[in-house]
Amino acid sequence: MLMLFNWFLFSVPLSCLAFIPDNTEKLTSVIGELTERIADLEVRLSTQEHININLESRLKVQEKKNREHEGLINALSARMCTTSKQSAFKRQQDEMLHKNSFDNRVAFYSYLSNTDMHPKPNQTIVFDHVVTNTGGKFNSKTGVFTCPTQGVYAFSWTVYCSNGGYLISELVVNSRSVGDMLCSGQGDDNIRHTSSVAVVELNEGDRVYVRTHPIAVLNGVLWSGPTYLSSFSGWTVI
């Protein structure tokens, strides 16, 4: 084959080679265009690499912000959960307090069903006819109110005495007098009455009742009947 090529090379006249087209300029132009395109692609590639680097940097920053936001959301969620639990607990406490306050409210009213013709000193007046006894803390058999819970209570009592006589009664908490009242019918032709009110702070289990004065002289009758009702009442203030 090589011998054949050599034969062709040396056998063909040089004048004939002049007819082979000269593509040097065209190739140079194509190579120049390709070189420019490559340079342009390299510039674009470099630009894209910078864009990618910038995007990666921004992505990292955004991921960091997302983690921070996630932490804030978790903290806020935990805080809201705690607040919700606290609100529920406070609501439960308020409901229990309201329930306890309602359950512990008392109000009673009772009167003496019969006249006591011979009241004695230091005698508990037993107001035996109960009209109202909300909470059930007034005992009509003993005339004693027992405090269900600590608080402030108001008490009122009314005593009728015979004309020409007089009675001193007092409101007692446990064994301590917290209010005295004189009912005097002296100089009158008819039955007289007086009323008094006391507001006291009590503890659970305190006993409250009305009695005649322990040492004062009593003169007369402790009246109570259809027209003249000697009575005792009490109720929760706060």
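The values are calculated or read from the model by the stated rules, or taken from the named source; none is laboratory data. Note that the structure is a prediction, hence the values are computed from the model and not measured. In this analysis, Cβ positions are derived from the backbone assuming ideal geometry, glycine residues included, and neighbour counts consider all displayed protein chains. Calculation scope for accessible area: heavy atoms of the full protein, side chains included, ligands and nucleic acids excluded. Shrake-Rupley method; radii C 1.70, N 1.55, O 1.52, S 1.80 Å.
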Query raised in the report: Can you tell me how many residues in region 119-128 are open to solvent by 40 Å² or more (accessible area, probe 1.4 Å) and touching a residue at least 24 places away in the same chain (Cβ under 8 Å)?
Result: 5
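Residue-by-condition table, conditions (1) without any contact (Cβ under 8 Å) to a residue 24 or more places away in the chain; (2) surrounded by fewer than 17 Cβ atoms within 10 Å (Cβ to Cβ); (3) in a strand (DSSP E or B):
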{"site": "V130", "(1), (2), (3)": "yes, yes, yes"}
{"site": "F145", "(1), (2), (3)": "no, no, yes"}
{"site": "A154", "(1), (2), (3)": "no, yes, yes"}
{"site": "L167", "(1), (2), (3)": "no, no, yes"}
**Report entry** Residues (within 16 Å of R176 (Cα to Cα) and under 42 Å from the mean Cα position of the chain (by Cα)) located in region 205-235
**Finding:** G205, D206, R207, V208, Y209, V210
Report summary line: From the option list G185, G205, single residue qualifying as touching a residue at least 40 places away in the same chain (Cβ under 8 Å), open to solvent by less than 90 Å² (accessible area, probe 1.4 Å) and not β-branched (V, I, T) is G205
Query - Residues (outside any strand (DSSP E or B) and under 17 Å from P148 (Cβ atoms)) located in region 180-238 - result: N203, E204, G205, D206, V237, I238
